[in-house]
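The values are calculated or read from the model by the stated rules, or taken from the named source; none is laboratory data. This one's a predicted model, so the numbers in the text were calculated from it and none came from an experiment. Note: ideal-geometry Cβ built from the backbone for every residue, glycine included; neighbour counts use all protein chains shown.
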Amino acid sequence: MTAAVAVDLGKTGCRAVLWTDGTDPAQHVHEVAGAPGLADGGGVATARAAVCAAVLPLLERQRSLKPTTVCVGAAGAATDPQAARALAVHLLDDLPIHEVAVTSDAVTAHAGALGGRPGVVLAIGTGCVAVGIGADGSFARVDGWGPWLGDEGSGAWIGTAGLRAALRAHDGRGPDTVLLRAAVERFGDPDRLPSAIGRDGSPARTTASFAPDVARAADAGDAVAAGILRQAAGHLATTVRAAAHRVGGRQHLDVTVTGGLTGLGEPLLEPLRSALADSPRPLHLRPPLGRPLEGARMLAVKPPASHEPHVVRVQRATPTVPTQPPAPAAAVQE
């Protein structure tokens, strides 16, 4: 029986599953608090603690299973490969595992969504990023620059555009829109809106909470809201096309869209499909096949050649089994 541990390490949560042949991972996921990101100060230490907290209870509950590999998809791994390698080495000390693989959470999401095939995955939520991987292993990461410098077309972008339109209507600088009433219902007095969006310390998350209001207004026929979603779709399509161009080739390329913002439905997805149809390279839009945990499991057990160049792997030189982290440093081979 093949056994492996898949880990999805994000900034909010860290989810792990001990995966065997025939396992239904949805019933066996163990989740703990996440970590800020490998590239942040102290990122390796906090990531190490989060992964151990998620994985060790799984191994303790199922002692008869002896997984050989842990694969971690971690935020920040793409921008700091040295930190990714350091995390892999530390986890080899901490866990009774022969091999540790660490890669970007974008790579595990890509592998899960497209089943390990080449293509582009557009992840849209509060922020947005597109990851393209070509058949030759070429890699492109487009946008994902955060709410102040990028994330164009994201939930934060749509929500901010909707609130700006509401304030323009409130001032008389712009056309009437039901977004003004929606903003008042959600945030209260428009004159206090600037302070309201900063109340919880995450303006991007707060403005993104208004994106569903924009979608509902567009679905009800509000021209201002519909125009915002068309513009958002245009930005997202540009991001996808840029990723497709950077991974090279002229043949058709699979594209899938994941993330919470897909919940806005047709008011966003219909103009996105239309915008992608105008791409000079044929793009085949398809539903995602699986989640990042499925991608991490794939990279642990049977990594596709196109994704392997983006994975850091370290292996134990001798089959020693530590008991509690941190254990004495294990020799590794790369």
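Taken together, 289, 229, 285, 299 contain a single residue that is at negative phi, within 19 Å of the chain's Cα centre (by Cα) and crowded, with 22+ Cβ neighbours inside 10 Å, which is 299.
Among the residues making up region 251-268, a single one is in contact with a Pro (Cβ under 7 Å, 6 or more places away or on another chain) and closer than 14 Å to residue 215 by Cβ: 264.
In region 270-295, the residues that are polar (S, T, N, Q) reach residues that are not in a loop (DSSP other than H, G, I, E, B) with C-beta atoms within less than 8 angstrom, at least six apart or across chains, in these pairs: 274/233; 279/237; 279/240; 279/241; 279/244. Number of residues in region 1-54 that are at pLDDT 80 or above, outside any loop (DSSP other than H, G, I, E, B) and more than 19 Å from residue 99 (Cβ to Cβ): the value is 13. Does region 59-72 contain any residue that is within 20 Å of residue 107 (Cβ to Cβ), in contact (Cβ under 8 Å) with a residue 24 or more places away in the chain and in a helix (DSSP H, G or I)? No. For first residues located in region 100-113 and free of Cβ contacts under 8 Å to residues at least 40 places away in the same chain, partners that are of a type in the set (A, V, I, L, M) and lie 6+ apart or on another chain with Cβ distances below 7 Å form the pairs 106/78; 106/129; 106/131.
Cβ-Cβ contacts under 7 Å between residues 6 or more apart (or on different chains), taken from a first residue in region 130-151 that is aliphatic (A, V, I, L, M) to a second residue that is in a loop (DSSP other than H, G, I, E, B), are listed as 133/118; 133/247; 133/306; 133/307; 135/118; 135/306; 140/247. Flag: residue 140 matches the condition of being in contact with a Lys or Arg (Cβ under 8 Å, 6 or more places away or on another chain), modelled with pLDDT of 90 or more and either more than 14 Å from residue 299 (Cβ to Cβ) or not assigned by TED's automatic domain parsing to the domain that holds residue 236 (or both). When you check residue 150 against the structure, is it farther than 18 Å from residue 267 by Cβ, touching a Ser or Thr at 6+ places or on another chain (Cβ under 6 Å), of a type outside the set (Ser, Thr, Tyr) and at pLDDT below 95, yes or no? Answer is no for this residue.
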